[in-house]
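One structure is given here, and the rest of the page talks about it.
The values are calculated or read from the model by the stated rules, or taken from the named source; none is laboratory data. Computed from a predicted structure; not experimentally measured. All Cβ positions, even for glycine, are placed from backbone atoms using ideal geometry, and neighbour counts span all protein chains on display.
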Amino acid sequence: MHTKSPVKLARKTGLWICAAVIFTGLSMPEARAIGFLIPNQDAAAIARGNAFAATADNPSAIYYNPAGITQLEGTELQVGDLNYMGLNMRYKPDAAGQPSEHTRFEVIPVPQVYFTKSLKDIPLSFGVGVYAPFGLGVKWPEGSAIRQYALESKLTYITVNPVIAYKVLPSLSIAAGPTINYAQIKFTRGLFSPTDYFRFVGDDFAYGMTAGVLWQPYEQWSFGASYRLATTMDFGGHSSYAPVRGGPGSYVPTTASVPFPQIVSGGISYRPTPQWNVEVDVDYINWDSLNTVTLKGTKAIFTIDLPLQLDWHDSWQYKIGVTRYFDNGWYVSAGYFFTSDTSSINHFTPAVPDTDLHVPSIGFGRNGEHWHWAVAGQLIVGPQRQIKGSDSAPDGKYQLISPTLSVAVGYRF
């Protein structure tokens, strides 16, 4: 039997990985998320409300449940892009006569790239994903009442995630792999006057891991679970402060430690016939570890190191998705997920304006002999949240709404 040499295979895989990193780096995400979390990582999964841990039957399984890549034959490459079409957080002050405010409209791309390889004679599969599991992009108007609490918050976070999956039994697969993570954070706000300007910029690398298990004891039933290890970014950079934006000011080295949560996901897929797939998932996001972020080094300017008090609590996601398959590889999907908020009223901040989210979705696609693709639309809606007495936000009503459009295209070699 003729097989490619390990050297040639490694070289070819390396080229795909490099291309993936370049593609993702050209358009790093600045996206509104759940806390900072971006749960949308594949169009086919998004169409199902991201209820995909127990299905995980395309290369995006690297994110949703890496054990799922053992279901894929040969070699596959998939490229996807999620676009947030105008992230819009509205603020309506409680005080009479004050104008409402809203964040700046913009279309924000969040790309993903996945590559998988399953061996023919050994029950092993390999894969690598390049994606953005976290991100943030919030920008308030310069002259608004919000500026004393937040002007602009940006988190760019990119992960390279190689995985190895092993089919222990025909019905049972396990997988694990490291994550190599890079993040950059930017935060600006006013402090003491309508014209002053404070800014912190920092970045860091951190390492973590993901793992997954997929069990299908019967043709109609499949169970999946995945785990993402908590990591901490020790951002190193600088802070600057000026009484007037663009004017002379102070500049000091600054560090800030930000923990990112461990995430546990589990799902059950029921397939009454080959034409239907119904899945229910539950995710636990351990945001409780994120308390007060201290900007160490700013004491040189303000006599104390500036704190950003968040005191977040754990969050849960509840997902349901349905797919109907047709002849010639066509399918249509619909889904919904709900996510509970991560911040209390006392520590709500417009820098990361978090709230409960209701997210319906719909999409369609086709699986061909070599090519497969999917398109999904989604509406992210946060019910109006009344904030009163927060240490980090003006009193008023806050509401989020954001439509998204996602596309994914894959090729089987």
Hits in segment 285-310 (condition: loosely packed, with under 15 Cβ neighbours inside 10 Å and over 21 Å from residue 202 (Cβ atoms)): 288, 303
Some residue of segment 98-110 being at pLDDT 90 or above and buried (at least 24 other Cβ atoms within 10 Å of the Cβ): no
Cβ-Cβ under 6 Å pairs, at least 6 apart or on other chains, segment 26-46 side within 29 Å of residue 278 (Cβ to Cβ), far side at pLDDT below 50: 38/31
Residues of segment 221-253 that turn out to be more than 25 Å from residue 282 (Cβ to Cβ), in contact with a Phe, Trp or Tyr (Cβ under 6 Å, 6 or more places away or on another chain) and of a type in the set (S, T, N, Q), as a count: 3
Members of segment 32-84 found to be within 30 Å of residue 349 (Cα to Cα) and in a loop (DSSP other than H, G, I, E, B), listed by number: 32, 36, 38, 39, 40, 41, 42, 49, 50, 51
All positions within segment 345-398 that are outside any strand (DSSP E or B), under 18 Å from the mean Cα position of the chain (by Cα) and hydrophobic (A, V, I, L, M, F, W, C): 351, 352
Residues of segment 238-258 classified as surrounded by fewer than 19 Cβ atoms within 10 Å (Cβ to Cβ) and out of contact with any Lys or Arg (no Cβ under 7 Å at 6 or more places or on another chain), total: 14
All positions within segment 48-57 that are surrounded by 24 or more Cβ atoms within 10 Å (Cβ to Cβ) and over 16 Å from the mean Cα position of the chain (by Cα): 48, 54, 55, 56
So residue 252, is it closer than 30 Å to residue 193 by Cα, in a strand (DSSP E or B), in contact with a Gly (Cβ under 6 Å, 6 or more places away or on another chain) and in contact (Cβ under 8 Å) with a residue 24 or more places away in the chain: yes
